[in-house]
Amino acid sequence: MKIANCKVWLVEGVKYNWTLMKIQTDEGITGIGEATNWPGSPLVEAACRHIGDRIIGEDPTRIDYIWTKLYRDMNWLGQAGPLLSAISAVDIALWDIAGKRAGMPVYQLLGGAYRKDILLYANYWFIRGDGSAESYQQQAREMAAKGFTACKFDPFAHTSYLYGSDLSTNLSLSEPQKKLALERIRIVAEALGPDFPIAIETHAMLNGPVAVEMAHRIAALGINCMWYEEPAGPEFPDAIADIRRKIPLPVCVGERLHSRFMCLPILEKHAADVLMPDITRCGGISEMKKIATLAECFNIPIAPHNPNGPVSTIASAHVMASIPNFFRQEFMLQDVSWRDSILDRPLPVLDGHFRLDDRPGLGFDFVDEELDRHPGVRNAREGFYV
């Protein structure tokens, strides 16, 4: 069996584009993958097309060899970014092909299932309203009513994640912004109750002293804090470890750690309580499984980052089924209406769980015509990260 063709789509999502891939073999078996990353999705799309051309003629069963060849051939470009996203898409699609060829779900090929009901936490439940604390509270109640038992949000008044747009140029917050963030957290926690964990996102957009200060002020609210996310950027593993030692909240990082090689310093420095690799950035199914095994050596649980397209949700769930140190998986509660229609069946999400079945491969295929109907956004648009 040989790889015969690789097709790539840039598809509009709720706030950024999805980059999706289908690999076709000369035996007629196809596999689906995803490389979603942003901003700069056209760069990711181009990387996927280039990488897709490079793998034509390869044996798709040599999954680890293809991963390593692409990584080593191309790493003059660096060890992260569009290259790793493109490798991620290829890897996910190759595992899908392997499962379909074997007549087994991917999680079985990864060693079998510890679980098939993958516990989720909700993100993007708060994207309506005027940003007031009361608006967050109402949307939090609606989210919990859908069966979710944990959630995440960024309370720090960020409306854009692009430096210099609405951020202080020294990554600080005014006192009114600090008080608004604390009130948003307080009122959401009040609506959800003490048994409902809440993850607090910072997007690495607070400087060190402010990140420490706000962690202490959040802790003083007495909320059930699942974790404090990305208190510093991935280029500062020592600073993350230092912040973790200074604050009373658990720390979670990993969405910008591309590959096991970038995760290792965080683990060695004991900088995180929870690790959150992103399957469309870190190298796909193969690499997420390796990262999970590495984290297991440090007694660290995995909670995959997943504000992406539907293949990311599906592939992450297969890996999370197969590891002992799974915690929770992120899920985008509100999304574009075509998230399910681009697939041959809807995502099986019920009562805050993703429910895996025994269908071979990832268990899903694309509806190509529906993908074509929702082309990606290529020109700057307010509130959208091209």
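Read the figures in this text as sums done on the coordinates, not as results from a lab. Quick caveat, the model's predicted, so the values are computed rather than measured. Neighbour counts are summed over all protein chains in view; Cβ atoms, including those assigned to glycine, are modelled from backbone coordinates with ideal geometry.
I'd like the orientation of helix 284-296 relative to the chain: the angle between its Cα long axis and the longest Cα principal axis, in ° from 0 to 90, rounded to 10.
The answer is roughly 50 degrees.
Please list, or write none, the lysines whose alpha carbon is within less than 16 Å of the alpha carbon of LYS100, excluding same-chain residues fewer than 8 places away.
Leaving aside lysines fewer than 8 places away in the same chain, those within reach of LYS100 are LYS2, LYS22.
I'd like the projected area of region 3-104, averaged over all directions, using the convex hull of its alpha carbons. Report it in nm² with one decimal.
6.3 nm²
Pick the calculated P(r) over Cα pairs in 20 Å bins from 0, in percent for this structure from (1) 29, 60, 11, 0; (2) 23, 37, 21, 15, 4, 0; (3) 16, 26, 28, 16, 10, 4, 0?
The value matching this structure is (1).
Straight-line reach from LYS152: which lysines fall under 27 Å, measuring Cα to Cα and dropping same-chain residues less than 8 apart?
LYS15, LYS116, LYS178, LYS179, LYS246, LYS269, LYS289, LYS290
Given charges of +1 on the Cβ of Lys and Arg and -1 on the Cβ of Asp and Glu, with all other atoms neutral, how large is the dipole of the chain about its Cα centre, in debye to the nearest 20?
For this selection, approximately 420 debye.
Provide the per-residue ³J(HN,Hα) series for region 17-29, in order, calculated from phi with Karplus coefficients 6.51, -1.76, 1.60 and θ = phi - 60°, each as a whole number of Hz, with x at glycine and proline positions.
Residue by residue, region 17-29 yields 7, 9, 10, 10, 9, 10, 9, 10, 10, 6, 9, x, 7 Hz.
Looking at the chain only, what percent of DSSP beta bridges run antiparallel? Nearest 5 please.
Taking every DSSP beta bridge within the chain, about 50 percent pair in antiparallel fashion.
Helix 82-102 versus the longest principal axis of the chain: what is the Cα-based angle in degrees, 0 to 90, to the nearest 10?
60 degrees
What does the highest-first list of 7-16, 56-65 look like by mean Cβ count within 10 Å?
The densest-packed peptide leads the list: 7-16, 56-65.
Amide H neighbours of VAL336 under 5 Å, at least 5 residues apart or on other chains, H built in the peptide plane: list them.
Correct list: VAL14.
Treating the angle as unsigned and between 0 and 90°, give the value, to the nearest 10°, between the Cα long axis of helix 133-145 and the longest Cα principal axis of the chain.
The two axes meet at around 50 degrees.
How big is the gap, in Å, between the Cα center of region 5-64 and the Cα center of region 171-185?
40 Å
Each residue of region 214-219 in order: what ³J(HN,Hα) in whole Hz does its phi give by Karplus 6.51 cos²θ - 1.76 cosθ + 1.60, θ = phi - 60°, with x for Gly and Pro?
Coupling constants for region 214-219: 5, 4, 5, 5, 5, 4 Hz.
Stretched out fully, how many nm does the piece from ALA102 to VAL367 gain, at 0.36 nm a residue minus the Cα gap?
That works out to 93.1 nm of additional length.
Nearest 500 deg cm²/dmol is fine: what mean residue ellipticity at 222 nm does the chain get from its DSSP H runs of n ≥ 4 alone, each adding -39,500 (n - 2.57), divided by its residue count?
Helices in the chain give a 222 nm mean residue ellipticity of -11500 deg cm²/dmol.
What FRET efficiency would be calculated for the residue pair LYS2, ASP358, taking the C-beta separation as r and a Förster radius of 30 Å, to the nearest 0.05?
Step by step, r from the Cβ atoms, then E = 0.60.
Quote to one decimal, in nm, the extra length available between VAL14 and GLN138 on full extension: 0.36 nm per residue of separation minus the C-alpha distance between them.
42.6 nm
Just to check I understand the Karplus step: with θ = phi - 60° and J = 6.51 cos²θ - 1.76 cosθ + 1.60, what whole-Hz values come out for region 374-385, glycine and proline as x?
Here the 3J(HN,Hα) series is 10, x, x, 7, 10, 10, 3, 9, 4, x, 10, 9 Hz.
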